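See below for the structure under consideration.
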Amino acid sequence: MKFFMDTANVDQVAECAAWGVLDGVTTNPSLVAKEGKDFKETVLKMCELVPNVSAQVTATDFEGMKKQADEYSSWHKHVVVKVPMTTEGLKTLSYCREKGIRTNTTLIFSASQALLAAKAGASIISPFIGRLDDAGEDGMVLIAEIMEIWSQYNFETEVLVASTRHPRHIIDAARLGAHIATIPYALFQKLPNHPLTDSGIEKFVKDWESVQ
Ligand code: E4P
């Protein structure tokens with residue numbers, strides 16, 4: 001399973017990349033706006049740290065998305081063009097497949113959207129589970145449905161579990177065989193920790209020091 005970080009903050013990416021567990025980054029316009037830094041510069045710095053950096057198009061029509069897809073993909077070979085799940089987005093995915101541009105389809109909320117994006121040639125699809133949970137649904141049921149469908153075909157499209165909110169989301173996604181999880185920085189910080197690890201280290205150090 002690959003771990004991506006859901007952020008537009010380069011320092012956060014550098015910190016977790018140093019753990020040796022980071023395979024990529026997913027940015028989106030909201031995350032980029034929050035950091036207030038130059039988009040291209042941010043993407044390029046991240047491309048030096050990890051092999052997959054999702055850069056999202058902001059156009060909503062095919063011509064505009066196509067132009068941005070061409071531009072972003074020319075920046076660095078690690079760029080993955082993020083395209084929203086619309087009919088204009090589907091045309092863009094198909095265009096990118098023809099041109100060998102890697103894509104990540106964002107804002108997936110149903111299995112039918114997942115199927116369409118895969119058929120249009122998406123390299124990655126991103127079902128948003130936290131937002132489904134927020135809306136009173138069970139986002140993990142969608143991941144189970146998609147993984148069941150994927151097990152019956154030979155899609156090359158990877159399933160990226162997005163909008164993750166807590167450690168259980170990551171474990172459940174892994175148990176279902178999802179290919180990628182994108183994880184916000186705050187959640188990343190929780191994953192290595194366990195109170196029994198902390199108290200265990202404290203006791204080892206104390207016992208060792210008592211005989212020095
Ligand atoms: C994924 O690529 C998105 O950037 C992200 O997971 C959205 O998560 P949110 O629902 O926490 O905004």
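Numbers at a glance
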| item | result |
| --- | --- |
| Projected label distance in nm at E148 and V211, using a 7 Å step from Cα toward the beta-carbon | 5.6 nm |
| The chain: most fluctuating residue of H78, H166, H194 per GNM, C-alpha cutoff 10 Å | H194 |
| Selection from A122, I108, M147 lying farthest towards where the dipole of segment 77-154 points positive, charges on Cβ | A122 |
| Ranked order, E209, E35 - accessible area, probe 1.4 Å, largest first | E209, E35 |
| Full-extension gain in nm, I201 to S94, via 0.36 nm per residue minus C-alpha separation | 33.3 nm |
| Residues of type aspartates and glutamates that K91 reaches as a straight line, Cα spacing below 15 Å, ignoring anything fewer than 8 places off in the same chain | D61, E63, D70 |
| Amide hydrogen neighbours beyond the local backbone of I183, cut-off 5 Å, H modeled | F4, M5, D6 |
| Ranked order, W19, W208 - accessible area, probe 1.4 Å, largest first | W208, W19 |
| Between segment 1-34 and segment 64-89, the alpha-carbon center distance in angstrom | 19 Å |
| Of K77, K119, K34, the one that fluctuates the most in a GNM where the chain has Cα springs shorter than 10 Å | K34 |
| Förster radius 22 Å - calculated FRET efficiency between Q189 and V141 (Cβ-Cβ, nearest 0.05) | 0.20 |
| Loop-located GluC sites (Glu not before Pro) in segment 152-207 whose Cβ has at most 16 other Cβ within 10 Å (DSSP) | E156 |
| Which of R165, R102 is most accessible, then next, and so on - probe 1.4 Å | R165, R102 |
| Length-normalised contact order of the chain in % [C-alpha pairs under 8 Å, at least 6 apart] | 17 percent |
| Relative compactness, the chain, computed as alpha-carbon Rg over 2.2 N^0.38 Å | 1.12 |
| Most mobile of R97, R168, R131 in a GNM of the chain (Cα contacts under 10 Å) | R168 |
| Only Lys, Arg (+1) and Asp, Glu (-1) charged, at Cβ; segment 65-144 dipole about Cα centre in debye | 500 debye |
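The values are calculated or read from the model by the stated rules, or taken from the named source; none is laboratory data. Quick caveat, the model's predicted, so the values are computed rather than measured. Reconstructed Cβ throughout: ideal geometry from the backbone, glycine too, with neighbour counts over all protein chains shown. The protein model used for the area step is the full one, side chains on, heavy atoms only, and it has no ligands, DNA or RNA in it. Shrake-Rupley method; radii C 1.70, N 1.55, O 1.52, S 1.80 Å.
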